[in-house]
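*Asks:* Pasting a structure here, questions to come.
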Amino acid sequence: MKIYLASGNLHKKQEFQGIFNEHEIVIPADEGINFDPEETGDSFIANSLIKAEALWEITKQPVLADDSGICVDILGGLPGIYSARYSGRNSRQGASDGKKLQQEERNRLLLEDVAQEISIKNQENRFCRYVCAMVLYLSKDRFYAVQETMEGELIKDISLAKGQGGFGYDPIVILPEYKKTVAELSAEEKNIISHRGKAGKKLQEFLEKVEASK
């Protein structure tokens with residue numbers, strides 16, 4: 001089955017293709033579709049639905065959409081849905097001019113933000129989790145949504161960042177049970193344990209049922 005992915009992120013396309021390996025994953029840019037919906041939701045699920053419905057209205061074909069981010073306990077769950085816009089301690093929901101920083105800069109600023117919060121609260125808490133809300137959108141009246149997490153801890157200093165795999169905050173999130181950062185995982189390992197991989201597996205099961213019922 002051909003499934004449109006509501007994203008322009010090539011890294012995400014690769015991850016989704018690995019998860020939904022029996023289907024053809026296509027992003028809007030592959031077919032010259034101009035796609036940049038405004039994500040005005042106040043939750044991961046809300047933003048996923050906004051993107052899924054917007055692309056379905058264009059293609060009228062099955063659509064996958066996800067919204068994901070990193071939630072840090074000591075920051076009260078931020079940056080959360082603002083992870084791609086995070087611009088440091090004073091701009092946790094994004095810069096006022098709308099400009100986005102390079103990911104390496106976001107990683108550094110997040111670690112500094114957390115270190116400062118630890119110092120203020122005198123509480124050593126670097127626990128965090130990735131959250132992914134994923135939607136399989138078949139029509140306006142028929143869609144499936146799941147939300148999953150991957151638990152981890154932030155490293156103490158940017159000098160400890162490791163790994164060439166993954167993307168986003170992966171080099172600064174360590175998985176204690178693996179003794180690796182997320183960026184050090186192989187694609188196969190990540191697809192099994194990641195927030196996106198776990199959500200995708202559940203939607204893959206739904207998709208199999210959908211196809212079997214035809």
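The values are calculated or read from the model by the stated rules, or taken from the named source; none is laboratory data. Here the structure is a predicted model, which is why all the values come from computation and not from measurement. Virtual Cβ from ideal backbone geometry, glycine too; neighbours counted across all protein chains shown. In case anyone asks, the SASA skips ligands and DNA or RNA and just uses the protein heavy atoms, side chains included. Shrake-Rupley method; radii C 1.70, N 1.55, O 1.52, S 1.80 Å.
*Asks:* If a residue has to be modelled with pLDDT under 95 and either hydroxyl-bearing (Ser, Thr, Tyr) or not in a loop (DSSP other than H, G, I, E, B) (or both) to count, how many in region 158-179 make the cut?
*Replies:* 1
*Asks:* Next up: Could you grab me the full set of residues in region 44-53 that are in contact with a Phe, Trp or Tyr (Cβ under 7 Å, 6 or more places away or on another chain) and among the aliphatic types (A, V, I, L, M)?
*Replies:* Passing the criteria: only 52.
*Asks:* Just give me the residues in region 68-77 being surrounded by 19 or more Cβ atoms within 10 Å (Cβ to Cβ) and within 15 Å of the chain's Cα centre (by Cα), in sequence order.
*Replies:* Result: 68, 69, 70, 71, 72.
Okay, residues lined up against (1) within 19 Å of residue 147 (Cβ to Cβ); (2) among the basic types (Lys, Arg); (3) touching a residue at least 24 places away in the same chain (Cβ under 8 Å); (4) not in a strand (DSSP E or B):
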site	(1), (2), (3), (4)
13	no, yes, no, yes
36	no, no, yes, yes
51	yes, yes, yes, yes
71	yes, no, yes, no
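*Asks:* Restricting to region 43-57, count the residues that are aliphatic (A, V, I, L, M), open to solvent by less than 20 Å² (accessible area, probe 1.4 Å) and within 15 Å of the chain's Cα centre (by Cα).
*Replies:* Residues that pass the stated criteria total 1.
*Asks:* List, please: which pairs have Cβ atoms under 7 Å, are six or more places apart or on different chains, and start with a residue in region 105-125 that is without any contact (Cβ under 8 Å) to a residue 60 or more places away in the chain and under 19 Å from residue 170 (Cβ atoms) and end with one that is among the hydrophobic types (A, V, I, L, M, F, W, C) and outside any helix (DSSP H, G or I)?
*Replies:* 114/72; 114/154
*Asks:* In region 79-130, how many residues are open to solvent by less than 50 Å² (accessible area, probe 1.4 Å), among the hydrophobic types (A, V, I, L, M, F, W, C), under 18 Å from residue 155 (Cβ atoms) and outside any helix (DSSP H, G or I)?
*Replies:* Residues that pass the stated criteria total 1.
*Asks:* If residue 40 passes every condition in (1) under 25 Å from residue 191 (Cα atoms); (2) surrounded by fewer than 19 Cβ atoms within 10 Å (Cβ to Cβ); (3) polar (S, T, N, Q) but one, which one does it miss?
*Replies:* Every condition holds for residue 40 apart from (1).
*Asks:* Exactly one condition in (1) of a type in the set (A, V, I, L, M); (2) within 17 Å of the chain's Cα centre (by Cα); (3) open to solvent by 50 Å² or more (accessible area, probe 1.4 Å) is false for residue 65; which is it?
*Replies:* That leaves (3) as the condition not met.
*Asks:* Would you check which residues across region 131-145 are open to solvent by 20 Å² or more (accessible area, probe 1.4 Å) and outside any loop (DSSP other than H, G, I, E, B) and list them?
*Replies:* Once the filter is applied, which keeps residues that are open to solvent by 20 Å² or more (accessible area, probe 1.4 Å) and outside any loop (DSSP other than H, G, I, E, B), region 131-145 yields 138, 139, 142, 143, 144, 145.
*Asks:* I need the full set of residues from region 148-157 which are of a type in the set (Asp, Glu), assigned to a loop (DSSP other than H, G, I, E, B) and open to solvent by less than 60 Å² (accessible area, probe 1.4 Å), in order please.
*Replies:* Listed by number, the list is empty, since nothing qualifies.
*Asks:* To continue, here is another question. Looking only at region 15-28, count how many residues are at pLDDT below 95 and either open to solvent by less than 40 Å² (accessible area, probe 1.4 Å) or part of a helix (DSSP H, G or I) (or both).
*Replies:* 7
*Asks:* What tally of residues in region 35-47 results from selecting those that are touching a Leu at 6+ places or on another chain (Cβ under 9 Å) and over 16 Å from residue 78 (Cα atoms)?
*Replies:* Result for region 35-47: 2.
*Asks:* While we're looking at this one, here's another question. Kindly indicate whether residue 65 is among the hydrophobic types (A, V, I, L, M, F, W, C), touching a residue at least 12 places away in the same chain (Cβ under 8 Å), in contact with a Gly (Cβ under 9 Å, 6 or more places away or on another chain) and farther than 15 Å from residue 150 by Cα.
*Replies:* Criteria not met by residue 65.
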